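Each reported figure results from applying straightforward, stated rules to the coordinates on display, with no laboratory input. None of the values given here were measured: they were computed from a predicted structure. Counting neighbours? That spans all protein chains shown, and the Cβs are built from the backbone with ideal geometry, glycine included.
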Amino acid sequence: MTQFRCTSATGKALKPTRASAALEAAYYRDLMRLVREMDDSLTYWLKANYRKHEDVIAQDSVADELQKVMNKLTARWRGLFDDRARKMAEMQSKRWQRHSDVSLMDRLKQAGFAVRFRPSKAVTDTLDGLVNENVGLIKSIAEHHLTEVSGMVQRSVMAGRDLETLTKELKERYGITQRRAAFIARDQNNKATSFITRTRQIELGLTEAIWCHSSAGKHPRPKHVEAGRKRLRYDIRKGADVDGEGKLIFPGEEPNCRCTSQVIIPGFDA
């Protein structure tokens, strides 16, 4: 493996390795395929059982009956998400690794360096961390959705609402869960690309980078914009003090952050 262990203050700044929009879309599709299965099941069984009792919907016995139905659905879908979460997270992490490795090798090749990455403990540890985080996030999608739907059904029964009103509320809840899945796909795509790329850079002996603002998003963080404009240099082993308050962060680490970095190969004039 090529090593860059020069100490010159000058250096060549590589083009940033950016998160793949295609991988974000693929992850979102995988998440939504599971969410749609769950929502279709909940909607079908809840509507069927709600319809049977609609004429006497406000009675306590009806609330108990619908809660039993919801408990069975909750157990089933919680179990299915638990079963599928790790496989989905592992598959997505492998996609992120391939993209990050190929992108960084391409950037290095453009700068005149031929590098071929091999499996390493550092990258394995990074991937394990990503897998564990995403397993938790995937499970949380089901947990939040099931908890909210359960409460929604009980409130609907107590208020004596009709099936049409409950159906409308279920659709609104689905939309909220859909937006949560989109956020997870986008946020984790950015984080994973940043973390894997940084791990590989450190393995190569590269330690310094320039903060690059993404110029994306409707509500950019002012300090991130400023760091990009000033081409803030930072130690990639520690992170950047973007806010000037001593808190060290990495590009793509904060929620919805799409910032990247240009790693510097020391000793080679740009």
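Net charge in the neighbourhood of residue 98 (other residues with Cβ under 14 Å of its Cβ; Lys, Arg +1, Asp, Glu -1) is +2. Partner lysines whose Cα lies under 20 Å from the Cα of residue 230, excluding those fewer than 8 positions away in the same chain, are identified as 12, 15, 238, 247.
Here region 165-200 is scanned for amide nitrogen atoms under 16 Å from the site 7 Å beyond the Cα of residue 29 along Cα-to-Cβ, giving 182, 185-186. Each Lys and Arg adds +1 at its Cβ and each Asp and Glu adds -1 at its Cβ; summed about the Cα centre, region 19-204 shows a dipole of about 880 debye. Taking 0.36 nm per residue of separation and subtracting the current Cα-Cα distance, fully stretching the chain between residue 233 and residue 67 would add 54.1 nm. Sequentially through region 171-180, phi angles give Karplus couplings (6.51, -1.76, 1.60; θ = phi - 60°) of 5, 5, 5, 4, x, 5, 5, 4, 5, 5 Hz, Gly and Pro residues having no value and appearing as x. Within the set (i) 7, 27, 28, 19, 12, 5, 1, 0; (ii) 6, 25, 25, 18, 13, 8, 4, 1, 0; (iii) 7, 30, 37, 19, 6, 2, 0, 0, the number that P(r) over Cα pairs in 10 Å bins from 0, in percent takes when calculated for this structure is listed as (ii). Within the straight-line cut-off of under 27 Å between alpha carbons, the lysines reachable from residue 47 are 68, 72, 139, 168, 171, sequence neighbours fewer than 8 places apart in one chain being disregarded.
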